[in-house]
1. What net charge is computed for the residues neighbouring A:VAL114, neighbours being all others with C-beta under 15 Å from the C-beta of A:VAL114, Lys and Arg scored +1, Asp and Glu -1?
2. Starting from the eigenvalues of the Cα gyration tensor, five times each then square-rooted, give me the equivalent ellipsoid semi-axes of segment B:45-93, largest first, whole Å.
3. Spelling out what I want: for every residue of segment B:60-75, take phi, set θ = phi - 60°, compute 6.51 cos²θ - 1.76 cosθ + 1.60 (Karplus), and round to whole Hz; glycine and proline get x.
4. So, counting K/R as plus one and D/E as minus one, what does the shell of residues with Cβ under 13 Å around A:PHE69 add up to?
5. Return the ratio Rg/(2.2 N^0.38 Å) for chain A, where Rg is computed over Cα atoms only.
6. Taking the radius of gyration and the Kirkwood hydrodynamic radius from Cα positions alone, what is the Rg/Rh ratio for the protein assembly as shown, to two decimal places?
7. Assigning unit charges at the beta carbon (Lys, Arg +1; Asp, Glu -1) and nothing else, what dipole magnitude in debye, to the nearest 20, does the protein assembly as shown show about its Cα centre?
8. What ranking do A:102-111, A:37-46 get when scored by the average of other Cβ atoms within 10 Å per residue, highest first?
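Only the coordinates and a few stated rules stand behind these numbers; no lab work does. Predicted model, so just to flag it, every value in this text is computed and none were measured. Quick reminder, even Gly has a Cβ in these numbers, built from the backbone with ideal geometry, and neighbours come from all protein chains shown.
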Amino acid sequence: KAGVTQTPRYLIKTRGQQVTLSCSPISGHRSVSWYQQTPGQGLQFLFEYFSETQRNKGNFPGRFSGRQFSNSRSEMNVSTLELGDSALYLCASSGTGSMNTEAFFGQGTRLTVV
Amino acid sequence: GQSLEQPSEVTAVEGAIVQINCTYQTSGFYGLSWYQQHDGGAPTFLSYNGLDGLEETGRFSSFLSRSDSYGYLLLQELQMKDSASYFCAVRAYQTGANNLFFGTGTRLTVIP
């Protein structure tokens, strides 16, 4: 069973640009969550999608957005990049059911804003 | 919102036992999870406690006290490969779903 796949693995962008990151969840998983990881801040919740609908959103500005497609693949977009957006962006997929207790993470996309 | 507190760093000797504590504040609490992340790697699931008490999985055990909003991860017979960051995370219900919210992580260094 293939794991969670994130592309690209590394990105370098300039301030003011926008970026799109992609995440393919484990086959059969319909929930995809996105996290930003920076040193000392842990993993901060960005948003979660289920069946193409955003169910929850963390405390991030509107420059951070996402979407999910009918095949459960998800993308997140960051517009007007700032230096502080440099981070590892992780996505995680989960199965369905009331006790889906485990999240499976991809290797992440390392974004550097210069 | 959610807040989780865990120590930032812990050092322990190979073969010893180490306990990493986690206290949390959240509404809509479902349970407490633990994840391990090696440098450059993805977080991987270690354990989940939905009910009070101890869950054991090999050398790792995790404990939850819902009344104290407290849990811990216990690592026994430490090995060098256990050097990693360990995150506690609450599963909490917000609008429409329960999601995972992470602490800032504890960096465990195992020394010979």
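1. +1
2. 21, 12, 9
3. Ordered by residue, 3J(HN,Hα) equals 9, 10, 9, 10, 9, 10, 5, 5, 9, 6, 9, x, 8, 10, 10, 10 Hz.
4. In short, +1.
5. Against the compact-globule rule of thumb, the ratio is 1.01.
6. Dividing the radius of gyration by the Kirkwood radius yields 0.97.
7. For the protein assembly as shown, the charge dipole is close to 860 debye.
8. In decreasing order of mean packing, A:102-111, A:37-46 become A:102-111, A:37-46.
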